[in-house]
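In what follows, a structure is listed as structure tokens, so that the remarks can point back to it.
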């Protein structure tokens, strides 16, 4: 974290371990903890430290030195020293090659169990000494007092701790490079949205899977980016810079830093962003994010955001979507019950785009035919680049109502054998779910689908933590299904009529990395409000259901149910 005056103070970290404190340097010099007596104005806690030089490495014409407090336990100190020895040289070598003319200077690490933690990590202090900007990083070395994000003491997981610590060192050295090369830009208080996101990406190019912090930042970006401007986030912008790195490579991080303003203020930051990336490119960022196409620096999946509850549009109506400047407007809706004429208007440009076919964005369809059994589902997205809130208006005009979508008629009878709770067997449930996902195959893993038919004509289909695997041609996904579809039922002469009227069924899908595009999403299954006539046979504690249109790979399927005991 950097203040407007250019000083640096501790701040909360994105890291998976609570273990690193990098501190302000102020007070009397302390030669024992530095190679140069002019370098230091160490914290009071370190002013009387008895340090010794424990490691010196050379990178190019500069030294990387590590000092250790005499109070450090040797076992803990060994973990820190090994991680520093590897990560420091690796980061210096990698970052120095990204941009011609990039500068780097000496590094000094001080490991002490007395370091005061004001958060888990902070920007290192760069001190100008004899025309050389030495970057000094002071580390809290009390491994016995540190905990891991997932639970447990760091001292019990020293190997994993060491790997995570390497990511931290690479991250903090990224801040050194910022201050060595772009001090006028990086020291501004309004710059934190990119000072953290860029070095988080750079550290990820070296140690991408060493910490769960990236995953946590992805989740926070999902929660915050629809309402909080990009230029007001910090570590969460890892998602944005992953997209930028995916498009232009890691060198784009330093190009971006160089393009940022030297004047303070959020408007200056926004103007510089739009000078570096056009509004159309920022729109592409929004589309790629909603499509789940963004990957991290080592192809780790960023995934698709939660688009919220499916919005249902029926009849002639008007919908308004709004979003604040420099946020990502996004959502999903389905249009049902007939044929429509659709129009849209936007309060700003570039206008909101819509997607009905995967990864194809453009203007909203002007004509929509909404079948009951498979109403069209649309996504919408926009990155708001203007200075005012964006309002998108979507109007539907019903041209022709689909009679099949109306409330179905009661057959007048209800077979007493059907009344009760029924569980579909695994093979039948697999074929039932295949129909829901266009004949993709999916063996059941765990969970249940329970049918409940009441004597008063009410019915429910309940999915209870149903976990399945769906296989596509080039990918495999895990799907969790929860929720209830409810409505009415009646029967006569071997025919059962189902009239679903409400639906809360949600799919939580995670796609494995078999294909170029990986998607993580939650969405509601639309299209449940149509009349469906099943053929059935019920005897004792067994029942079968079938439907003329229910076929998997051209073969009629029969679903087998057993009465719940």
Worksheet entry | Calculated FRET value between residue 317 and residue 492, using beta carbons and R₀ = 45 Å, to 0.05 | 0.75
Worksheet item: When only alpha-carbon atoms count, how far does the stretch 311-405 stretch along each of its three principal axes, as whole angstroms with the largest first?
Response: 46, 25, 18
Practice prompt. With r as the distance between the Cβ atoms of residue 482 and residue 56 and R0 = 60 Å, compute the FRET efficiency 1/(1 + (r/R0)^6) and round to 0.05.
Written response: 0.55
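Cut-off is 10 Å between beta-carbons; in what order do 102, 84 appear when sorted fewest neighbours first?
102, 84
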Discussion item. What distance in nm separates the two pseudo spin-label positions at residue 248 and residue 299, each 7 Å out from Cα along the beta-carbon direction?
Written reply: 2.4
Worksheet item: How would you rank 135, 372, going from fewest to most other Cβ atoms within 10 Å of each one's own Cβ?
Response: 372, 135
Worksheet item: How do 175, 356 line up, fewest other C-beta atoms within 10 Å first?
Response: 356, 175
Worksheet item: Length gain on complete extension for the stretch residue 103 to residue 374, per 0.36 nm per residue less the alpha carbon to alpha carbon distance?
Response: 91.7 nm
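No value in this document is a laboratory result; all are computed from the given coordinates. Here the structure is a predicted model, which is why all the values come from computation and not from measurement. Positions of Cβ are backbone-derived with ideal geometry, glycine not excepted, and every protein chain shown enters the neighbour counts.
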